[in-house]
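The values are calculated or read from the model by the stated rules, or taken from the named source; none is laboratory data. Note that the structure is a prediction, hence the values are computed from the model and not measured. Methodologically, a virtual Cβ is constructed for each residue, glycine included, from the backbone with ideal geometry; neighbour enumeration extends over all protein chains shown. Heads up: the accessible areas ignore ligands, DNA and RNA and are worked out on the full protein's heavy atoms, side chains in. Shrake-Rupley method; radii C 1.70, N 1.55, O 1.52, S 1.80 Å.
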Amino acid sequence: SQQGEEDPQALSIQEGENATMNCSYKTSINNLQWYRQNSGRGLVHLILIRSNEREKHSGRLRVTLDTSKKSSSLLITASRAADTASYFCATAGGSYIPTFGRGTSLIVHP
Amino acid sequence: DGGITQSPKYLFRKEGQNVTLSCEQNLNHDAMYWYRQDPGQGLRLIYYSQIVNDFQKGDIAEGYSVSREKKESFPLTVTSAQKNPTAFYLCASSIDREGPGTEAFFGQGTRLTVV
């Protein structure tokens, strides 16, 4: 079963714009992680936010977590063409096994 | 270089054959995972192992088998019982305890095609 569901499924923006992706999940979590996948490649970890945290930043990335709404968002500021990829959220409960959603496909046009 | 290596990158299987996908890590991670990725379905967990000589079924274990004889190795066998094996297979590892290192590190994947 897939825990997280990303929204939107696809996002197309111009370079320089901000990109926002959302993730909703169903059961309680210990942490939530965001990953990036370039076409045909493995996933790369971007950022982890724990259940007792509300916001984290890493470079141009900003992640928020609202455990009362069981949702998270990933904001990429000042997008670049190189940010074109699929982005996945993964939730981890008591077993700490990452459970992934279906992903958001982001296209950034130069 | 520390990392996780999957091989081969591409694999072709005939109907009725078993094939084994290799996954090796030199990160000294305790936990290792196998995921299957199909278009539009994200990643689904096949098997995972949190310690040597022990492994657990994930959500879609039917038709697959694994072993964990060494900490650094977690091979996946796709058996003839798996009726729709064509997919992209991803291996991952993590430290497997609470703390700053719980994120998963992924290999580059193996694309399996039935011919």
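Some notes on this structure:
- Selection count where residues are among the charged types (D, E, K, R) and open to solvent by less than 50 Å² (accessible area, probe 1.4 Å), scope the stretch B:36-67: 2
- Within the stretch A:88-107, residues that are under 13 Å from residue A:72 (Cβ atoms) and more than 10 Å from every other protein chain (Cβ to nearest Cβ) have Cβ atoms under 7 Å from residues that are open to solvent by 10 Å² or more (accessible area, probe 1.4 Å) and among the aromatic types (Phe, Trp, Tyr) in these pairs: A:91/A:25, counting only partners at least 6 apart in sequence or on another chain.
- Meets criteria (over 29 Å from residue A:105 (Cβ atoms) and open to solvent by 50 Å² or more (accessible area, probe 1.4 Å)) for residue B:71: yes
- Residue list for the stretch A:6-43, filter: open to solvent by 20 Å² or more (accessible area, probe 1.4 Å), more than 10 Å from chain B (Cβ to nearest Cβ) and among the small types (Gly, Ala, Ser): A:10, A:12, A:16, A:24, A:28, A:39
- In the stretch B:60-80, the condition of being in contact (Cβ under 8 Å) with a residue 12 or more places away in the chain and within 16 Å of residue A:43 (Cα to Cα) is met by no residue.
- Applying the set (1) charged (D, E, K, R); (2) over 19 Å from residue A:88 (Cα atoms); (3) touching an Asp or Glu at 6+ places or on another chain (Cβ under 7 Å); (4) at the interface with chain A (Cβ under 8 Å from one of its Cβ atoms) to residue B:68 leaves exactly one unmet item: (4).
- Entry remark, the stretch A:45-76: residues being in contact with a helix residue (DSSP H, G or I) (Cβ under 8 Å, 6 or more places away or on another chain) and open to solvent by 30 Å² or more (accessible area, probe 1.4 Å) number 0 in total.
- Filter pass, residue B:21 being more than 30 Å from residue A:8 (Cβ to Cβ), surrounded by 15 or more Cβ atoms within 10 Å (Cβ to Cβ) and out of contact with any His (no Cβ under 9 Å at 6 or more places or on another chain): yes
- Matching strands (runs of 3 or more DSSP E) fully within the stretch B:7-115 where at least 2 residues are in contact with a Cys (Cβ under 9 Å, 6 or more places away or on another chain) and either on the phi < 0 side of the Ramachandran plot or among the small types (Gly, Ala, Ser) (or both): B:19-25, B:31-37, B:87-94
- Qualifying positions in the stretch A:86-110 - open to solvent by less than 10 Å² (accessible area, probe 1.4 Å) and part of a strand (DSSP E or B): A:87, A:88, A:89, A:90, A:91, A:92, A:100, A:104, A:106, A:108
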